[in-house]
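Data block below; observations after.
The values are calculated or read from the model by the stated rules, or taken from the named source; none is laboratory data. Just so it is clear, the structure is predicted and the values come from calculations on it, not from any experiment. Don't worry about glycine lacking a Cβ; one is built from the backbone with ideal geometry, like all the others, and counts go over all protein chains shown. These area figures cover heavy atoms from the full protein model, side chains too; ligands, DNA and RNA do not enter into them. Shrake-Rupley method; radii C 1.70, N 1.55, O 1.52, S 1.80 Å.
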Amino acid sequence: MTRLRAICAAVALVCASGQALAATASHEASAVAFLKLAHADQLGAPIYMQAQQMFAQRFAETKAPDSKKAVLEKYQAQANAALDKAIGWDKLQPDMVKLYTDNFSEQELKDLVAFYQSPLGKKVQAKMPQISQQSFQMTQDKLQPAVPVVTGLLESMTKELVPAGAKGAAPAAPAKKP
């Protein structure tokens, strides 16, 4: 009888683990579907663009002739390859899937997929980059009057903490010898 119980328990365990694996795979598939709809594979694009701009700016600063453009393009390609190794979608996707499966249930991910496939979801997705940029600019504009105030407060704190005539912070105490 104990042997029969052990066999039944083993069969139940195998079935349960199979169901858990299937549930995990389904949950991950929902995350992959959402990430695809959200164009998460394009998250690194601004970093690539920034790197390209840095190389183009350096090229311009050196006043290199147009005949040296191939050098610029060679280094830009090398920078892209380095970025691909670090943040290419094949590197980010597993972590992104885990991030979303850790934070959203399978049903929530399915609901997000359904939303992003809806007309409103498509509109949100189309408008969000523009709205984010406008929000950022609006925040920057409203921040401008506070910058001199915060800078003044920082200077006041520094004056209060650093004795008159001293340059910078007090030097660190020398390490004690054992």
Here the qualifying pairs (Cβ atoms under 7 Å; residues six or more apart or on different chains; first in the stretch 85-99 and under 16 Å from F34 (Cα atoms); second in a helix (DSSP H, G or I) and among the small types (G, A, S)) come out as M96/A40; V97/A31
Quick count over the stretch 40-67, residues being surrounded by 11 or more Cβ atoms within 10 Å (Cβ to Cβ) and charged (D, E, K, R), is 2
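Looking at Q117, Q125 in this structure, which one is surrounded by 14 or more Cβ atoms within 10 Å (Cβ to Cβ) and either over 17 Å from the mean Cα position of the chain (by Cα) or more than 20 Å from S30 (Cα to Cα) (or both)?
On the way: Q117 fails: surrounded by 14 or more Cβ atoms within 10 Å (Cβ to Cβ).
Testing whether each residue is surrounded by 14 or more Cβ atoms within 10 Å (Cβ to Cβ) and either over 17 Å from the mean Cα position of the chain (by Cα) or more than 20 Å from S30 (Cα to Cα) (or both) leaves just Q125.
Being under 12 Å from I47 (Cβ atoms) and open to solvent by 70 Å² or more (accessible area, probe 1.4 Å) is the filter here; which residues of the stretch 70-99 pass it?
D84
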